[in-house]
Amino acid sequence: MQTATTIRITLNGAPRELRAGTSVSALVDVLGLPPDSVAVEVGDRLVRRSDRTERVLVDGDRVEVVTLVGGG
Amino acid sequence: MSQDQRAATPAWLADEPLVIGEHAFTSRLFVGTGKYKDVAETRAALEISGTQCVTVAVRRVDLAAKGPSLLDAIDRTKVVILPNTAGCYDAASAIRTAELARDLLGTRLVKLEVLGDTKTLLPDPVGTLEATKELVAQGFHVLVYTSDDPRLGVRLEELGAVAVMPAGSPIGSGQGVLNPFAIRILLELVKVPVIVDAGVGTASDVAIAMELGAAGVLLNTGIASAREPLRMPAAMRDACSAGRQAFLAGRIPRKLYANASSPLEGLIHAAGRPGAT
């Protein structure tokens, strides 16, 4: 249940609840991902690695967290 | 190739490195990292192939995944990582994917793929041109996957592509180089490196592409889906080198009639069959 202290985002296509005030870099930590193994988009726009700390997520954000996989 | 190996190369086999953007490669084989059984097999195949440039894809992170990641398979001190935009069907998503890859890897390189449909995986020429233009403007070094259309290759070069990568045949089809004549014309018209990408099924396909004068060959399925994925990389490596040396050596022209290798003089009998001209 959403309260003033939580927000709902869409993470890689699935709904997810986070504490209000969570930054992109905090999200990467919460997910347990090495920060240099991922790249992040919010609302179809890249959030550069250097901007992750200051980019705070808000209710309704669509977030994509990507990594490298095998490919040709 | 190590310093020692280079020193050991005799003068008659000497070759220039292949220069793409800021990188110089002594191996002309580019290898994809898809479809392997696991990270260990990926790592072994890449190492045996001798490749110095490998492609990777960008995908949503699997939050449930455990174990080694793809980056564990790649020694970035020896191998350059070339991220692709595979799976993109329009310029906008290819550009987004390239931006994500650049942020993740800190590389300017991108192998641009803008595909037309999921069945043929043929490149969409209009979307490919659009995305090339935008990515070059953003400072990317763009290696462009394209069809074997020579004039399209010229347009991509004019837009600033650092390499043009014509498909020998559809991705993963194993049909080899279907139109060597188009590749030859493309090679004549395009001055940036031309790397034959896609469709390689076996070693001879690599050799054929290199004999035509391609600067390199990129393949993935031909190794990863071979019955023995750790036997094929050496075959591909050797075919790449053999084809390159044959190209540099210069093949003989094809002729309709025979041309004897043994002298026609000094025979103990009269030359030729009676009545032959």
*When the range A:29-44 is examined, which residues are found to be farther than 12 Å from residue B:58 by Cα and within 7 Å of chain B (Cβ to nearest Cβ)?*
A:31, A:33, A:41, A:44
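Conditions (1) touching a Phe, Trp or Tyr at 6+ places or on another chain (Cβ under 9 Å); (2) among the acidic types (Asp, Glu); (3) within 20 Å of residue B:224 (Cβ to Cβ), marked per residue:
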site: B:15; (1), (2), (3): no, yes, no
site: B:34; (1), (2), (3): no, no, yes
site: B:41; (1), (2), (3): no, yes, yes
site: B:49; (1), (2), (3): no, no, yes
site: B:89; (1), (2), (3): no, no, no
site: B:105; (1), (2), (3): no, no, no
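In the range B:188-239, what residues are assigned to a helix (DSSP H, G or I), farther than 26 Å from residue B:250 by Cα and away from chain A (no Cβ under 14 Å)?
Step one: of the range B:188-239, the residues assigned to a helix (DSSP H, G or I) are B:188-189, B:203-212, B:221-224, B:232-239.
Imposing the further condition that a residue be farther than 26 Å from residue B:250 by Cα reduces the set to B:221-224, B:232.
Across the range B:188-239, the qualifying residue is only B:232.
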*asked:* Can you report the number of residues in the range A:53-72 which are facing another protein chain (nearest Cβ under 10 Å) and within 12 Å of the chain's Cα centre (by Cα)?
replied: 3
*Look at the range B:184-237 and say how many of its residues are acidic (Asp, Glu) and under 20 Å from residue A:70 (Cα atoms).*
2
*Which ones in the range B:72-105 are surrounded by fewer than 18 Cβ atoms within 10 Å (Cβ to Cβ) and either of a type in the set (Ser, Thr, Tyr) or facing chain A (nearest Cβ under 9 Å) (or both)?*
B:77, B:87, B:89, B:92, B:93
*asked:* Any residue in the range B:251-272 that is in contact (Cβ under 8 Å) with a residue 40 or more places away in the chain sitting within a Cβ distance under 7 Å of a residue that is surrounded by 10 or more Cβ atoms within 10 Å (Cβ to Cβ) and not polar (S, T, N, Q)? List the pairs, counting only those 6 or more apart or interchain.
replied: B:251/B:211
*asked:* Can you tell me which condition residue B:26 does not meet? The list is (1) within 30 Å of residue B:130 (Cα to Cα); (2) more than 10 Å from chain A (Cβ to nearest Cβ); (3) modelled with pLDDT of 95 or more, and all the others hold.
replied: (1)
*In the range B:41-61, which residue that is among the hydrophobic types (A, V, I, L, M, F, W, C) and under 19 Å from the mean Cα position of the chain (by Cα) is farthest from the other protein chains (Cβ to nearest Cβ)?*
B:48
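Kindly provide the set of residues from the range A:17-48 that are closer than 23 Å to residue B:97 by Cα and assigned to a strand (DSSP E or B), ordered by number. Spell out the reasoning first.
Kept after step one, since they are closer than 23 Å to residue B:97 by Cα, are these residues of the range A:17-48: A:23-29, A:31-48.
Residues satisfying the conditions are A:23, A:39, A:40, A:41, A:42, A:45, A:46, A:47.
Give me a count of the residues in the range B:22-40 that are in contact (Cβ under 8 Å) with a residue 40 or more places away in the chain and surrounded by 16 or more Cβ atoms within 10 Å (Cβ to Cβ).
First pass over the range B:22-40, keeping only residues in contact (Cβ under 8 Å) with a residue 40 or more places away in the chain: B:22-23, B:25, B:27-37.
With surrounded by 16 or more Cβ atoms within 10 Å (Cβ to Cβ) added as a condition, the list becomes B:23, B:25, B:27-36.
The total comes to 12.
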*Hey, residue A:10 under 12 Å from the mean Cα position of the chain (by Cα) and of a type in the set (S, T, N, Q) or not*: yes
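The values are calculated or read from the model by the stated rules, or taken from the named source; none is laboratory data. Only a predicted model underlies this, so the values are computations on that prediction, with no experimental measurement involved. Ideal geometry is used to build each Cβ from the backbone, glycine not excepted, and the neighbour counts take in all protein chains shown.
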